[in-house]
Amino acid sequence: MQRPPVTLEVAGDKSISHRALLLAALSPATSRLSNLNAGHDVACTAAALERCGVEVVRQGNDVRVRGGLLRDPVGVLHLGNSGTGVRLLAGLLAGAGIEATLDGDASLRSRPMDRIVEPLRAMGADVTAERDGRYLPLHLRRSALRRLDYDLPVASAQVKSCLLLAGLAANVPLRLRESVPTRDHTERLLGALGARLYIEDGELVLEPSLPLRPLQARIPGDISGAAFFVGLAVLVPRLCLSLPGLGLNPRRTAFLEILRSMGGDIRLSPGADEAGEPVGDLQVRHAGGLVGVDVPPALVPALIDEIPLLAVVASRARGVTRIRGAGELRLKESDRIASLAAGLRAVGGAVEELDDGLRIEGMDRPPAGRVETRLDHRVAMAFAVLGRVPGAAIELSETASIATSFAEFPELLARAVA
């Protein structure tokens with residue numbers, strides 16, 4: 001018998017929260033943001049902006065931001081483990097002519113920064129990185145940026161957003177071309193702020209747009225965080241979850257299509273837009289009879305953050321699931337391809353690690369074993385979900401990393417299955 005629906009409200013979207021703070025910092029008027037993500041990553045971005053002269057006043061998950069005139073910070077700006085924070089902030093500060101050093105933890109220091117250094121230099125930025133110019137710390141020196149016409153070499157919303165923020169802060173025009181569409185949260189927020197941004201002949205064009213009007217917005221619920229509860233409801237018998245107020249950006253929801261094709265019972269109710277983003281509610285029920293699928297490589301950029309969740313769901317599906325074209329996962333908080341393969345093997349799964357993905361065979365026996373999360377929040381949450389299937393006995397090496405993006409996750413997980 002199906003249990004009554006359990007309603008869970010997830011935290012504000014992490015990607016949108018970073019961008020909303022950074023764009024609010026460019027407006028001399030006061031912006032008001034509600035439902036801002038409370039994780040450590042977003043807190044690092046807010047703290048860095050404060051060090052650069054931005055007023056950030058937080059009351060719970062509501063924030064008041066007053067920016068306008070940025071200043072050089074004293075000392076190093078430490079962005080923790082936030083790739084989004086460091087790459088986007090580098091663009092903003094380079095465009096504003098700020099002198100600063102940006103750094104992060106050991107994990108962030110292992111992630112490539114040359115993908116933003118090279119185009120920023122092409123704009124005229126005086127920016128250097130260490131270890132062959134590829135890794136943190138980043139050093140920014142005062143410079144005047146010029147217009148940029150650029151083909152993005154990797155499918156990365158972070159690189160695209162870095163350059164948009166640099167051009168915006170410098171008040172110079174940009175033309176960018178993507179080979180594969182990536183998340184467009186920055187573009188949607190810029191539209192809400194009145195920026196002169198448009199698509200022309202397949203190119204993303206930004207014209208000088210300062211000053212920006214202030215941002216008054218509620219941050220939608222984080223669909224990537226909600227994904228773990230969608231997976232939970234798909235996996236756990238008799239479970240039914242209601243997830244209201246989620247951001248349903250079409251470049252973030254491809255994982256729902258994959259889970260439906262595997263047999264998931266997922267229903268969507270659209271609502272009103274917030275912060276330029278489509279918002280709505282999800283209801284998910286356990287359907288049983290999951291089947292393996294081939295994940296189309298063309299969809300991978302739109303579900304890159306959900307692959308850890310899809311991998312653990314695939315381990316419970318009949319047949320084989322193949323994920324290819326996901327090499328970017330090797331450059332996340334951990335090498336996620338290796339982390340997921342090792343974790344699935346540790347709990348008894350049959351998995352083949354590929355150069356750019358995974359081949360996963362489903363299993364019927366309960367998963368059991370100790371999983372090394374490698375301090376990766378999405379790996380930790382994925383295996384926490386798998387640990388709730390009937391008969392599972394999974395031990396995680398740590399769960400503290402979850403707080404980087406979704407501090408409320410453990411509490412919501414316990415409530416969902418209570």
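Here, each number is a calculation from the coordinates, and none is a lab measurement. Just so it is clear, the model here is predicted, and its values are computed rather than measured. Cβ placement follows ideal geometry from the backbone for every residue including glycine, while neighbour counts extend to all protein chains displayed.
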Check your understanding: So which residue, out of A94, A382, A129, gets the largest mean-square fluctuation from a GNM of the chain using Cα contacts under 10 Å as springs?
Key -> A129
Study note, to complete from the structure: the chain: antiparallel bridges as % of DSSP beta bridges, rounded to 5, reads 70
Exercise for review: Starting from the Cα-Cα distance between S179 and R251, subtract it from 0.36 nm times their residue separation and give me the gain in nm to one decimal.
Suggested key: 24.5 nm
Practice item. Run through every distinct alpha carbon pair of the stretch 14-218 and return the Kirkwood hydrodynamic radius in angstroms, one decimal place. Key: 16.6
Practice item. Per DSSP H run of at least 4 residues, take -39500 (n - 2.57); add these up for the chain, divide by its residues and hand me the 222 nm value, nearest 500 deg cm²/dmol. Key: -9000 deg cm²/dmol
Review point. Using the 10 angstrom Cβ neighbour count as an exposure proxy, how do I360, I258 rank, fewest first?
Key: I258, I360
Point to revise | Size-normalised alpha-carbon gyration radius of the stretch 375-418, reference 2.2 N^0.38 Å | key: 1.10
Point to revise | Relative contact order of the chain, defined on C-alpha pairs under 8 angstrom at six or more residues apart (%) | key: 14
**Study point:** Integer Hz, Karplus 6.51/-1.76/1.60 couplings in order for the stretch 205-210, x for Gly and Pro
**Key:** 10, 10, 9, x, 10, 6
**Study point:** Residues with amide H under 5 Å from that of R196, placed H, sequence gap 5 or more
**Key:** E207
Review point. According to the Cα gyration tensor, what semi-axes, each the square root of 5 times an eigenvalue, does the equivalent ellipsoid of the stretch 220-417 have, listed from largest to smallest in whole Å?
Key: 23, 18, 17
**Study point:** Coarse-grained scattering of the chain at q = 0.07, 0.10, 0.12, 0.13 Å⁻¹, given as base-10 log I(q)/I(0) from a Debye sum over alpha-carbon atoms
**Key:** -0.32, -0.65, -0.94, -1.10
Practice item. Arrange the following residues from fewest to most other Cβ atoms within 10 Å of their Cβ: S110, S156, S269, S15. Key: S269, S110, S156, S15
